[in-house]
1. With every protein chain left in place, what is the accessible area per residue of region 277-396 in square angstrom, probe 1.4 Å?
2. Decide, for region 316-379, between rounded, prolate and oblate: order the square roots of the alpha carbon gyration tensor eigenvalues as a ≥ b ≥ c, take rounded if a/c falls under 1.5, and otherwise choose prolate if a/b is larger than b/c, else oblate.
3. Round to a whole number: what % of the accessible area of region 75-185 belongs to carbon and sulfur, probe 1.4 Å?
4. At 0.36 nm per residue, minus the direct Cα-Cα distance, what do Arg195 and Arg19 gain on full extension? Give it in nm, one decimal, please.
5. Working with all protein chains in place, sort Asp83, Asp253 by solvent-accessible area computed with a 1.4 Å probe, largest first.
6. Based on the alpha-carbon gyration tensor of region 349-405 and its eigenvalue square roots a ≥ b ≥ c, which shape applies: rounded if a/c is under 1.5, prolate if not and a/b is larger than b/c, or oblate?
7. Report the label-to-label distance for Leu399 and Val105 in nanometres (one decimal), using points 7 Å from each Cα along the Cα→Cβ vector.
8. Could you check how much of the accessible area of region 241-321 is carbon and sulfur, as a whole percent, using a 1.4 Å probe?
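The values are calculated or read from the model by the stated rules, or taken from the named source; none is laboratory data. Predicted, not measured: the structure shown is a model, and the values here were computed from it. Cβ sites come from the backbone with ideal geometry, for glycine too, and all protein chains shown count toward neighbours. Only protein heavy atoms, including side chains, enter the accessible area calculation; ligands, DNA and RNA are left aside. Shrake-Rupley method; radii C 1.70, N 1.55, O 1.52, S 1.80 Å.
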Amino acid sequence: MRQETHHDAPAAAGGSRARRDLRIAAALAGGSACGDSLAKSALVLRVHDVSHAPWSVTALLLAGALPVAACAPGAGLLADRVDSRTLMICANAASALCCLWLTVVPSFGGLLLVVTLLGVTALTGATALNALLPSLAEPGRLVDATARQRGATLLGGAVGLSSGGVLAEWAGTGAALALDAASFVLLGLGCAAIRTRRGPGGGSAGARRAGRRTGRPRRSPVPPLLLAVSAGSGVVALFAATTNVVQVFFVKDVLGVGDAGYGLIAACWTGGMLACVPLARQLPDRVSVLVGATVCGEAVTGLAVLGCGLLATVPATALCYVVAGLAASGMLIARGALVQLLTPESARGRVQAAVGAVRQASTAAALGLGAALVEWGGPRIAFIVAGAGSLAVSLACGLWLCIAVRRPAGARALAGPLSEPVR
């Protein structure tokens, strides 16, 4: 298998092929998000209608989150050791079979098992696709490529969430799951159409032989800067993601709006995220800028959530949701490009999976924290705690990073094994 990397793929096949593959990858990301949202909506509705128990819904959400976080290192290793096209096709085929299995599984325990398998197979395919992104981006346009893929993912997720309930009510949850299975089949076909590939091991054979000859101990492929940013983002997510649980109680019980108002307020956040994509595409491929954008995005998101809890009115909440969506989208795009920029080619899959696992684990833990905050102080206090906690952690992490990066020795230590210095 011939290995093509970020540097030699455009030279070997031309920029037009890279642009074509990037458009296909963005479409695949959007289709995957749409199918995932459809399946999630259908499964939540099914469990709610059958059990009417909040903890059953929580168990369903945890079944899709915790095992995925646990299996992320294995998915990343596969992404670095197996041919990308083969891995993506096989993973999407397995995901399609899991979706079809969900339409006939008889028991709740079996449902949780298949949801776990679906999460693991979907994670494997998504990790391989994300690790391929730098090879598809034009030189100096990694942030632009990341923003395109993030925008397609947001749009696909919004379409899936808005149509999942309607489809389930009109044709049943089985139809929504069957449509998700069809989306995985289309994803597999789309992955087969991507010509750029990552070969086994991620790096060139000569580089691997040279590394073995030196006899030096293996260094961690993750620079300390990326570890610091990821750890801070994980703690921020632990606070911010509690709003996933609290939101419905806050909007309906504190603001006093109905189901339609709840949907409109939730759409404000999604609208803000989509509106930020064209702005984030203008960010340069510079580590210092991306670190600053990540920290600022987290801080503004926390401030907006805090504003929702303090003001607690419908107009203020809608405005804060738009601001939070803008900031969160910019943060996710900057952090995604930062991960790609700081990661050696040979470890892209493993690092991508590890960073995703940290955030997934934080989001899963936030489900319990959100419920506890609602029980303890009510929805409004829960929003205040979530916003204040996110803001405090992001500011503390940002201050530490600014102090460390301004010192030359600290900047070199944070940079780690990079091909270019932190700028």
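1. On the way: 4250 Å² over 120 residues.
Heavy-atom SASA per residue in region 277-396 reads 35 Å².
2. Values: a/c = 6.02, a/b = 1.60, b/c = 3.77.
Judged from the Cα gyration tensor, region 316-379 comes out oblate (a/c at least 1.5, b/c at or above a/b).
3. Values: 3130 of 4370 Å².
Of the solvent-accessible surface of region 75-185, carbon and sulfur hold 72 percent.
4. Details: separation 176, 0.36 × 176 = 63.36 nm, distance 1.11 nm.
Answer, rounded to one decimal: 62.2 nm.
5. Asp253, Asp83
6. On the way: a/c = 4.87, a/b = 1.35, b/c = 3.60.
Oblate, because a/c is 1.5 or more while a/b does not exceed b/c.
7. 4.7 nm
8. Values: 2440 of 3460 Å².
The value for region 241-321 is 70 percent carbon and sulfur by accessible area.
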